[in-house]
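The values are calculated or read from the model by the stated rules, or taken from the named source; none is laboratory data. Since we're looking at a predicted model, the values are computed, not measured. In this analysis, Cβ positions are derived from the backbone assuming ideal geometry, glycine residues included, and neighbour counts consider all displayed protein chains.
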Amino acid sequence: MVGKWHLGFYKRGCLPTQRGFDTFFGSLLGSGDYYSHYKCEGPGMCGYDLYEGEEAAWEQDRGLYSTVMFTRKAVSILASHNPHLQPLFLYLAYQAVHSPLQVPARYLERYKGIPNPHRRKYAAMVSCLDEAIHNLTLALKQFGYYDNTVIVYSTDNGGQPLAGGSNWPLRGSKATYWEGGIRGVGFVHSPLLVKKGSKCQSLVHITDWFPTLVTLGGGTLDEDLNLDGYDIWEAISEGRPSPRLDILHNIDPIYTKAKNGSWKAGYGLWNTAIQAALRVGHWKLLTGVPGYSDWVPPQTFSNQRLTTRHHNERVRWDRGKSVWLFNITADPYERIDLSQRYPHIVKKMLMRLVQYNKTAVPVRFPAKDLRSNPQYNGGVWGPWYKDEKQEREDEEEEYNNLFKHHFGKRRWKIKSKNKKLKRKAEH
């Protein structure tokens, strides 16, 4: 794996190389400086965040812009591997495009005509990313991978308009359950595709990549795994219907509750104060507080602050609501709420939410642990938690190392003394 992990690291067992990857080069946090690879989470809470395997990559760090650095690392992996002897899975998670908005000056030159500074930097960062994908594709061809390779390119969430992103004409933004926050753009490129240049209109969720790629690579999956994902290769490659019929976007019982949400609004089936989002076929149901709900036009030709613009289309009638129903196929922009018109559909989807919620693992959201501060870990963001068993094992290992070191030194002294006595005897 190369790039951004962002899946936890409170203990060593959470690191990429402990979770299935043979190698890892990248960052553990969700964001950081593109050049120095430092990140501050608050006053006095700053640290270094670049790893090689399970150790800080101080020696490998040349202060390179991360998009360039990760691409070079990925190309070096391709160059050192023989695709004809062993298959390869490479997960390349670029930091771009994400705040902080940083980019080499040469990419900014072509976007002088965009007055909005955030949008200008954002566009430049995307161009650098485009160039990186181009270079990676050339490497796949140069080292003999391309003809038997599947490239999956996908975002992880919608854009943040306040930081140069745009989801127009979709509603909402990153960290919301509107389509602008959850509908991720992406593509699949491969000589192995049966129907090239086609558009997949089927439901696809991130959990589908695991069974799809394992099966595509010739692997097998046990039937009792009870996976959330489906093998969607035929839907992508051949345009066949997707086996996926629904997507649980989320149920978050600890997020801010909707003030006007209630069991009554949920027909006694569901407390609509709870934040949740579900897609079934054409239908999408939202409850609770879905998040920032405006339609924000592109800021390419404006440097005005979004809060002062009259055409943000801020929706007042959403206040007081806790249930929405949309036909996403007919209304992907989520402008027409159909919850009052089709209460029977709402009830069916609320029942589906209840079924999903029965399988939910209890939420564990502990308070911040001061031991996570990099200043207690050599100035590096990394694992800090140790349970009693691990602490005992570490103490035993430390004792054994000291014992070996001491015992080795004693053996060396004895050997040295014997050699001296032997030389004296010979003389």
### Task
Report whether or not residue 185 is at pLDDT below 95 and either exposed (fewer than 12 other Cβ atoms within 10 Å of the Cβ) or touching a helix residue (DSSP H, G or I) at 6+ places or on another chain (Cβ under 7 Å) (or both).
yes
## Note on the structure
Among the residues of the range 139-179, the number that are farther than 20 Å from residue 85 by Cα and without any contact (Cβ under 8 Å) to a residue 24 or more places away in the chain is 2
### Query
Quick one: would you say residue 62 is in a helix (DSSP H, G or I), at pLDDT below 95 and either over 22 Å from residue 37 (Cβ atoms) or touching a helix residue (DSSP H, G or I) at 6+ places or on another chain (Cβ under 9 Å) (or both)?
no
### Positions within the range 348-369 being within 14 Å of residue 277 (Cα to Cα) and of a type outside the set (S, T, N, Q), in sequence order
348, 349, 350, 351, 352, 353, 354, 356
#### Entry: Unique match (being acidic (Asp, Glu) and over 19 Å from the mean Cα position of the chain (by Cα)) among 231, 252, 208
231
#### Entry: Which listed residue, of 177, 107, 111, is of a type outside the set (Val, Ile, Thr) and in contact with a Cys (Cβ under 7 Å, 6 or more places away or on another chain)
107
## Note on the structure
Apart from one, (1) part of a loop (DSSP other than H, G, I, E, B); (2) exposed (fewer than 13 other Cβ atoms within 10 Å of the Cβ) all hold for residue 224; the odd one out is (1)
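Quick grid of which residues meet (1) buried (at least 17 other Cβ atoms within 10 Å of the Cβ); (2) over 30 Å from residue 192 (Cβ atoms); (3) hydrophobic (A, V, I, L, M, F, W, C); (4) touching a Lys or Arg at 6+ places or on another chain (Cβ under 9 Å):
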position: 111; (1), (2), (3), (4): yes, yes, no, yes
position: 117; (1), (2), (3), (4): no, yes, no, no
position: 123; (1), (2), (3), (4): yes, yes, yes, yes
position: 136; (1), (2), (3), (4): yes, no, yes, no
position: 144; (1), (2), (3), (4): no, no, no, no
position: 147; (1), (2), (3), (4): no, no, no, yes
position: 151; (1), (2), (3), (4): no, no, yes, no
position: 160; (1), (2), (3), (4): yes, yes, no, yes
position: 168; (1), (2), (3), (4): no, yes, yes, no
### Query
Do the conditions hold for residue 74, that is, is it hydrophobic (A, V, I, L, M, F, W, C) and surrounded by fewer than 22 Cβ atoms within 10 Å (Cβ to Cβ)?
no
### Task
Take the range 77-92 and flag every residue that is surrounded by fewer than 14 Cβ atoms within 10 Å (Cβ to Cβ) and outside any loop (DSSP other than H, G, I, E, B).
79, 80
### Query
When the residues of the range 328-374 are filtered to those that are touching a residue at least 40 places away in the same chain (Cβ under 8 Å), closer than 22 Å to residue 251 by Cβ and of a type in the set (Phe, Trp, Tyr), which remaining residue is surrounded by the fewest Cβ atoms within 10 Å (Cβ to Cβ)?
365
